[in-house]
1. Count the net charge of all other residues whose Cβ sits under 11 Å from the Cβ of D156, scoring Lys and Arg as +1 and Asp and Glu as -1.
2. Around A170, with a cut-off of 12 angstrom between Cβ atoms, what is the net charge of the other residues, counting Lys and Arg +1 and Asp and Glu -1?
3. Which residue, S125, S147, S13, tops the fluctuation ranking in a GNM of the chain built on C-alpha contacts under 10 Å?
4. Would you mind getting the accessible area per residue of the range 72-180, heavy atoms of the protein chains only, 1.4 Å probe, in Å²?
5. How much of the accessible area of the range 75-133, probe 1.4 Å, is carbon plus sulfur, in whole percent?
6. For Cα pairs less than 8 Å apart in space and 6+ apart in sequence, what is the mean separation divided by the residue count of the chain, i.e. the relative contact order in percent?
7. Tell me the net charge near R10. Cut-off is 14 Å between Cβ atoms, R10 excluded, with +1 for each Lys or Arg and -1 for each Asp or Glu.
Amino acid sequence: MLDTSEENRRRHSLDPHQPVWLFGYGSLIYKADFPYLERQPAYISGWARRFWQGSHDHRGTPDQPGRVVTLIETPGHRCDGMAYRITPNVFEHLDHREKNGYLRLRQTLTFNDGHTTDGLVYIASEDNAAFLGPADEADIARHIAGSHGPSGSNRDYLVQLAEALRAIDAHDEHVFNLERHLQEMNR
Ligand code: SIN
């Protein structure tokens, strides 16, 4: 199975005593299973959140991958999420959690009060082996409704993400459309 954790370890030489900001835009918003010094809602510019990444290890299986979010470079877009200030040793856990295609990239984060900082973001680019790419939103919702993996149902991933976005007053057309499709399927 794809494993980007080695490459992530090599890519950045971080001072172990210097906390860094991590920006989460998917499960990292609502499932903070790691220690952090503080957290604050933030956004990054020029990226759109899309359910275009396959999940073979969390919300699906190698035979039947689920669909989770990645970021697609989209000028003019803004992606809202949660920024965490963490110590670099936490990346050991995070690199393992995000190993199915995600690489840590440096980005500028903007906090709600307008101030900016440098941070790291896990992004699964279009050339990674687990990338599934675009599809009709109704088809993506059907795919999500039928997928399960070791971390739980793909449906819960989507619903928890939508709820977490509402909790920070963030609007995401793509995520909320998928959630609506999912609800309509249950009627
Ligand atoms: C993230 O949440 O920042 C990355 C994608 C995910 O783990 O869902």
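The values are calculated or read from the model by the stated rules, or taken from the named source; none is laboratory data. It should be emphasised that the depicted structure is a prediction, and the values quoted were computed from it without experimental measurement. Every residue, glycine among them, receives a Cβ derived from its backbone with ideal geometry; neighbour counts consider all protein chains shown. These area figures cover heavy atoms from the full protein model, side chains too; ligands, DNA and RNA do not enter into them. Shrake-Rupley method; radii C 1.70, N 1.55, O 1.52, S 1.80 Å.
1. It works out to a net charge of +2.
2. -2
3. S13
4. With all protein chains present, the range 72-180 gives 46 Å² per residue.
5. Taking all protein chains in place, the range 75-133 shows 47 percent carbon and sulfur surface.
6. 28 percent
7. The answer is -1.
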